[in-house]
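These notes concern the structure reproduced below.
Readers should treat all values here as calculations from the given coordinates under stated rules, not as data from a laboratory. Being a predicted model, the structure only gives us computed values, none of them experimental. Glycine also receives a Cβ, built like all others from the backbone with ideal geometry; neighbour counts cover every protein chain displayed.
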Amino acid sequence: MKRTMTALAFAVVAMIGVSHVAQADALDDIKKSGKIRIAIDLGVPPYGMTDAQMQPTGLDVETAQLLAKDLGLQFEHVPTTGASRIPALQTGKADLVISSLSYTAERAKVIDFSQGYAVLRTVIAATKTTGVHKLADLDGKTVGTVRGTTHDTQLTKEGPKGMKLVRYEDDATEGQAFLSGQVDIFSTAEMIVPQLDKKNPARQVEIKFVLDNFKLCIGVKKGEERLLAEVNKWILANIGNGKLNALNKKYFGSDLPDLIVKQQ
Amino acid sequence: MSYQFDFSFLAERWPDFVSGAWLTVQLTLLSIAFGFAVGTVCALIRVYGSPLLRRPVGFYVELIRNTPLLVQIFIVYFGLSSLGLKLSAETSAVIALVVNMGAYTTEIMRAGIQSIQRTQLEAADCLGLTRLQTILHVVLLPAMERVYPALSSQFVLLMLASSITSQISAEELTAVANNVQSDTYRSFEVYIVVAVVYLALSVLYRFGFWAVGLVLFARKRKLRTAL
């Protein structure tokens, strides 16, 4: 009995110790260590990818490097995947997430979002010879999409009545359906299109029109308000000086839309 | 355990579930009918056919029974369209399911056919039955009666397996569930609902097969004994 009590006492003391560490401000910790750990998924070109020398590169990586440099910190890349981006923040594996992370109300319950630093566009893509230029042109056509994505929801709600929506389980299956000729028109994220073109140039895929723009934000652990403020200040400054726009131009060949530029 | 169940999506989405279940029924009844025909012919070949025919049938059966159904479905859907033959998801699904069902039925029916004793065939011969009459009345029907439980189990399994055709965009019951689930984030409830629907379909199918059995097997109906 006595032993159990002692163990219990130790456990309580240990827990108090841990909670003290957690209460320290993240911004102070980062400044003290001199480096900032940023989680980026390198499997989402051109946001995160590796170059020929296997070094991380891409829009998210360059954004992270720029941020670290401006804050006078050393950049440390934390590898992550789509599903583990948010847990990486929650468990303290990373200080920030810059990984094509778009704002959703569900996610905002568990982490904080900064201002937008870039966009993710959803588009309608098709073979070169297909003549579709706006949503109404899809009437009577078969259009591929990925079940449960924002573009699926949008097409389901706003697409013309005569459009047949064919839903696949993931990007890979949808891409395969397009490449093998099952569908000629499909909705997807902008960044997927060049990859498909690379896999099979003979299909001559091209973007027909933009469905929607989604704000991509930097993810910060919930409640780290000073760190969040610092990140927001940096984003607005770099939208102002054009550096974020230059990055967007480099990777997508287009200017940032008003959605990002006109943020307060 | 603070989970709050919320089945309110059913009020709005139940027609989706009905149309999904209806497509599942259509897909599986077609696949069962054609798959059974393919399997029965292949079984006869495996038992009575010449070696020249037996080999390819054996190869088909082993090939299908030793590869995943999902892979077979992808090959039909993506493979054929790569070759220029563009089939709808539903047609591809039926083709893949028929091919799959055929292989399993072959083995089940082969067991039944081989259980028919040689003396039966000799008796048919003595009675002057033609070859076709012998195969229909002396071989196939009693063979089917013997393996009928295994056969109807396989049919129900096929109905359950048809859920994976949602992968190639056939909007059957599971695909509908995935749609509703991704709209409402009520995955637990949605899959409980489809599980109940599948269960109901299974019970319905088993009842149906039992009734068909009564019609087909007059001997069993009258004597109420196993063959």
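A few points about this structure:
- Estimated at 0.36 nm per residue, the fully extended path between B:Ser8 and B:Leu214 surpasses their Cα-Cα distance by 70.0 nm.
- The stretch B:12-223: relative contact order in percent, alpha carbon pairs under 8 Å with at least 6 residues between: 28
- Here B:Leu227, B:Leu23, B:Leu30 are placed in order of increasing Cβ neighbour count within 10 Å, fewest first, which gives B:Leu227, B:Leu30, B:Leu23.
- Shown for chain A are the DSSP H helices of 15 Å or more along their axis, judged by Cα atoms, with a mean Kyte-Doolittle hydropathy of at least 1.0: A:2-23.
- For the stretch B:34-117, the share of alpha carbon pairs falling in successive 10 Å distance bins from zero is 19, 42, 28, 9, 1 percent.
- At q = 0.10, 0.18, 0.23 Å⁻¹ the log10 of I(q)/I(0) for the stretch A:73-191 amounts to -0.42, -0.96, -1.28, computed by Debye summation with a single uniform scatterer per C-alpha, solvent ignored.
- Pairs of Cα atoms farther than 25 Å apart, chain A, %: 53
- Here the stretch B:1-90 is treated with +1 on each Lys and Arg Cβ and -1 on each Asp and Glu Cβ, and its dipole about the Cα centre works out to around 620 debye.
- A full extension of the chain between B:Phe207 and B:Leu30 corresponds to an added length of 61.9 nm, given 0.36 nm per residue minus the alpha carbon distance.
- Leading residue at positive end of dipole, the stretch B:12-223 (Cβ point charges), from B:Tyr198, B:Gln120, B:Cys42: B:Gln120
- Relative contact order computed over the stretch A:121-213 (Cα-Cα under 8 Å; 6+ residues apart), in percent: 48
- Computed from label points 7 Å out along Cα-Cβ, the spacing between A:Ala52 and A:Asp139 is 5.0 nm.
- Considering only A:Val220, A:Val183, A:Val193, and ranking their Cα positions along the charge dipole of the stretch A:178-264 that arises from unit charges at the beta-carbon of Lys, Arg, Asp and Glu, the one farthest toward the positive end is A:Val220.
- Mean residue ellipticity (222 nm) of the protein assembly as shown, computed from DSSP H runs ≥ 4 via -39,500 (n - 2.57), nearest 500: -18000 deg cm²/dmol
- Ordering B:Thr184, B:Thr174 by the number of other Cβ atoms within 10 Å of each residue's own Cβ, fewest first, gives B:Thr184, B:Thr174.
- Hydrodynamic analysis of the protein assembly as shown uses the Kirkwood radius over alpha carbon pairs. Inserted into Stokes-Einstein at 10 °C and 1.306 mPa s, it gives a translational diffusion coefficient of 58 µm²/s.
- Shape of the stretch B:12-223, Cα gyration tensor, a/c cut at 1.5: oblate
- Inter-chain Cβ neighbour count for A:176-184, averaged per residue, equals 5 (cutoff 10 Å, partner chain atoms only).
- Size of electric dipole in chain B: Cβ of Lys, Arg +1 and of Asp, Glu -1, about Cα centre, debye, nearest 20: 1180
- In chain B, the longest principal axis of the Cα atoms and the axis of helix B:141-161 are about 20 degrees apart.
- The stretch between A:Asn241 and A:Asp197, if pulled fully straight at 0.36 nm per residue, gains 12.5 nm over its current Cα-Cα span.
- With R₀ fixed at 22 Å, the C-beta to C-beta distance from A:Ala108 to B:Tyr191 puts the FRET efficiency at about 0.25.
- Packing order of peptides A:211-218, B:134-141, A:27-34, highest average first: A:211-218, B:134-141, A:27-34 (average count of other Cβ atoms within 10 Å over each peptide's residues).
- Charging the Cβ of each Asp and Glu at -1 and of each Lys and Arg at +1, and nothing else, the dipole of the protein assembly as shown about its Cα centre rounds to 1460 debye.
- Farthest positive-ward along the stretch A:77-225 dipole, Cα basis, beta-carbon charges - from A:His151, A:Met163, A:Leu89: A:Met163
- Relative protection proxy for B:50-60, A:246-256, from highest mean packing down: A:246-256, B:50-60 (other beta-carbon atoms within 10 angstrom).
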